[in-house]
Amino acid sequence: MGEGSSNNQTRSYLMQRFETLGIHPRGKLGQNFLIDLNLLHLLHESAQLDKNDVVLEVGTGTGSLTGAMALEAGRVVTVEVDPTMHEMAKQEHWDKDNIRFLFADILENKNRLNRDVLNVLREELANNPGFRFKLCANLPYQIATPLMSNLLLTDIPPHSMTVTIQKEVGDRIVARPRTKDYGALAVWMQAQCDCRIVRIMPPSVFWPRPKVDSAIVQCVYNEKKRAKIPNLRFFHEFVRALFFHRRKFIRSVLCSAFKGRVEKETVDRILAEMDLEGEIRAETLSVKTILALSEKFRVLFPPEEAFVLR
C-alpha cells in the first residue's frame with residue numbers, strides 16, 4: 001500500500017491529480033491508496049499520537065496520512081522510494097516544519113533495514129529527549145514482515161506499530177498455537193509485543209483495488225516480555241530455525257539446526273527436561289515454551305561466540 005487519506009484522498013481526486021501529472025500508481029511498489037476517510041482516522045487514532053512522539057511512516061505517497069499525523073505528533077519521519085511521490089508530498093506539506101521527508105528504500109535487503117533511516121530516527125530521538133518512537137503507516141505488502149520484524153531487532157524498538165497490511169500477514173502475527181497461521185512471525189512478535197487486529201478491510205477501500213483483504217494491525221511493545229529474552233538475536237535465529245521445516249518433528253528440527261555443535265543426546269536430554277516429546281511439531285508450542293526451549297540451548301554456548309543456525 002502507499003498511504004492513507006485526508007479530506008482530498010478520494011478516488012476521483014487521486015485519479016485527476018495523477019492524470020494531470022501524467023503518472024500512474026505503481027503496483028510493483030505496492031501503491032494502493034486508502035480512500036476511506038473513516039479508516040484513515042481509525043488508523044492514526046489507534047496509534048494515539050501526541051506531541052511527544054517521533055513517528056515513522058513508510059510509504060509517504062501523496063502525503064495525506066503524513067499531514068494528518070503531523071498535526072498530532074511532535075515529529076514525523078516519512079520514507080518514500082518513488083521520486084515523484086516524494087516530491088509531490090514535499091510540495092504538499094512545505095509549510096510543516098515537523099516533517100522530515102526521506103527519499104529512500106526502508107530496506108537495504110530483506111534482512112536489514114536502511115541504516116541511514118535508522119540513524120535519522122536515532123537523531124530525532126536524541127534531539128527530543130523523552131519522546132516515544134512509533135510506526136504508523138499504510139505499508140506496501142511486500143515490506144510489512146521484514147520491516148516490523150527487523151525494527152524489533154534494533155536498539156530503538158518502537159513503542160507501537162500501527163499499520164495497514166495484508167490480512168494474511170495480520171493473521172500470522174496474532175495467530176495462536178495449533179493453528180495454520182501460527183509460526184515464526186507470531187512467536188517473534190508476540191514474545192515482545194501485545195498484538196491485535198483493529199479492523200479488517202475489503203479491497204474496495206483502496207485505489208487501485210488490491211486482490212486481497214487488508215487489516216489495520218497494532219503491536220504495542222511490552223518491556224516486561226522483552227526483558228525475558230536475554231539474547232535477542234539468538235532467539236530470533238532460534239525461532240526461524242524451529243519453523244523452517246514446520247512439518248518436521250521438533251527433535252529432527254533441533255538436531256539439524258545444531259548439527260555439529262550439539263550432540264543428539266543433549267537434544268534428547270533438553271526435551272526430556274522440558275517434558276516435551278520428540279515427535280511433536282513446533283506449531284504446538286506456546287511462545288512461553290519456545291522461549292524456555294531457546295534458553296536451554298543458548299546457555300550451551302559462550303556469550304561471545306557468534307551463533308549461526310543451519
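The values are calculated or read from the model by the stated rules, or taken from the named source; none is laboratory data. These figures come from a predicted structure and were not determined experimentally. Note: ideal-geometry Cβ built from the backbone for every residue, glycine included; neighbour counts use all protein chains shown.
Tabulated data for the structure shown
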| quantity | calculated |
| --- | --- |
| Neighbours by Cβ (under 9 Å, 6+ apart or cross-chain): first from segment 40-51, assigned to a helix (DSSP H, G or I); second of a type in the set (Lys, Arg) and surrounded by fewer than 18 Cβ atoms within 10 Å (Cβ to Cβ) | Leu42/Arg199; Leu43/Arg199; Ser46/Arg199 |
| Single condition Pro158 does not satisfy, out of (1) outside any loop (DSSP other than H, G, I, E, B); (2) closer than 29 Å to Asn38 by Cβ | (1) |
| Among the residues listed as Asp171, Asp194, the single one being more than 15 Å from Val287 (Cα to Cα) and either at pLDDT 95 or above or not aliphatic (A, V, I, L, M) (or both) | Asp171 |
| So Phe131, is it surrounded by fewer than 20 Cβ atoms within 10 Å (Cβ to Cβ) and of a type outside the set (Ser, Thr, Tyr) | no |
| Test set (1) in a helix (DSSP H, G or I); (2) among the basic types (Lys, Arg); (3) surrounded by fewer than 17 Cβ atoms within 10 Å (Cβ to Cβ); (4) touching a residue at least 40 places away in the same chain (Cβ under 8 Å) - Lys259 fails condition number | (1) |
| In segment 69-89, the residues that are farther than 19 Å from Leu135 by Cα and either touching a His at 6+ places or on another chain (Cβ under 6 Å) or in contact (Cβ under 8 Å) with a residue 12 or more places away in the chain (or both) | Asp82, Pro83, Thr84, Met85, Met88 |
| Residue check for Arg199: surrounded by 14 or more Cβ atoms within 10 Å (Cβ to Cβ), touching a Leu at 6+ places or on another chain (Cβ under 9 Å) and not in a helix (DSSP H, G or I) | yes |
| Which listed residue, of Pro146, Pro83, is under 12 Å from the mean Cα position of the chain (by Cα) and either surrounded by fewer than 16 Cβ atoms within 10 Å (Cβ to Cβ) or under 29 Å from Met201 (Cα atoms) (or both) | Pro146 |
| Near pairs, Cβ below 9 angstrom, 6+ apart or cross-chain, from segment 206-229 (part of a helix (DSSP H, G or I) and surrounded by fewer than 22 Cβ atoms within 10 Å (Cβ to Cβ)) to any residue that is at pLDDT 95 or above and of a type in the set (Val, Ile, Thr) | Lys225/Val287 |
| Residue selected from segment 259-276 under the condition modelled with pLDDT under 95 and of a type in the set (D, E, K, R), by the criterion farthest from Thr179 (Cα to Cα) | Arg261 |
| Matching residues, segment 278-288, being closer than 18 Å to Val174 by Cβ and surrounded by 15 or more Cβ atoms within 10 Å (Cβ to Cβ) | Ala282, Glu283, Leu285, Val287 |
| Scan of segment 56-70 for residues that are touching a helix residue (DSSP H, G or I) at 6+ places or on another chain (Cβ under 8 Å) and either in a helix (DSSP H, G or I) or more than 13 Å from His86 (Cα to Cα) (or both), ordered by number | Leu56, Ser64, Leu65, Thr66, Gly67, Ala68, Met69 |
